[in-house]
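Notes for the one structure printed next.
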Amino acid sequence: MSARLRVTMALLKGGASLLISDVDNVFSRYVDLKGLLEEGYDVFHAYEMRYPVSIFKEFGFVVCSGFQFLRSSPRTIKFLELVLARCRGKKCDDQVTYNEVFFRDLDIEWHHPNNYNNEINKQDGKFRSFGPNHEGALRITSNNTENDGLLVE
């Protein structure tokens with residue numbers, strides 16, 4: 001099981017709300033962190049580019065475990081319990097696991113405020129909107145063509 005997830009759970013149960021960032025994140029502007037608490041949400045995640053690819057292909061976006069805010073609350077602890085239950089073995093990819101919980105275990109219908117790329121899912125008949133991956137989204141154009149077309153967060 002991921003050491004990061006075990007430590008995260010212990011801190012949440014101890015009453016600490018957490019802003020978790022991988023060391024390779026680049027911050028381009030100051031954002032007062034008190035806003036995260038004032039919003040009232042229990043969990044914030046940044047968008048990930050494409051990983052895990054299978055979920056990205058199905059839903060059009062994925063969340064990033066490398067930048068997240070977790071409020072110490074019973075709902076956040078329950079969410080992390082679901083993540084830990086899916087985390088098998090010594091080496092657990094927390095990014096894959098977070099996305100599996102969001103897209104497979106929780107009954108969430110994703111909606112984009114501008115309703116781009118809406119469609120009815122052919123398998124279950126549910127309406128789906130594909131989050132930030134729409135024609136009006138900002139995208140990368142770079143010298144590294146592997147990254148061309150990726151969403152800008």
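Coordinate-derived values only; no laboratory data. Computed from a predicted model, the values in this text were never measured in an experiment. Ideal geometry is used to build each Cβ from the backbone, glycine not excepted, and the neighbour counts take in all protein chains shown.
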So for region 13-103, considering every pair of alpha-carbon atoms, how many percent are separated by more than 20 Å? 41
Find out how many positive minus negative residues lie around residue 9, taking Lys and Arg as positive, Asp and Glu as negative, among other residues whose Cβ is under 12 Å from that of residue 9. +2
Net charge near residue 32 (other residues with Cβ under 14 Å of its Cβ; Lys, Arg +1; Asp, Glu -1) is 0
Local net charge near residue 104, Cβ-Cβ under 12 Å (Lys/Arg +1, Asp/Glu -1): -3
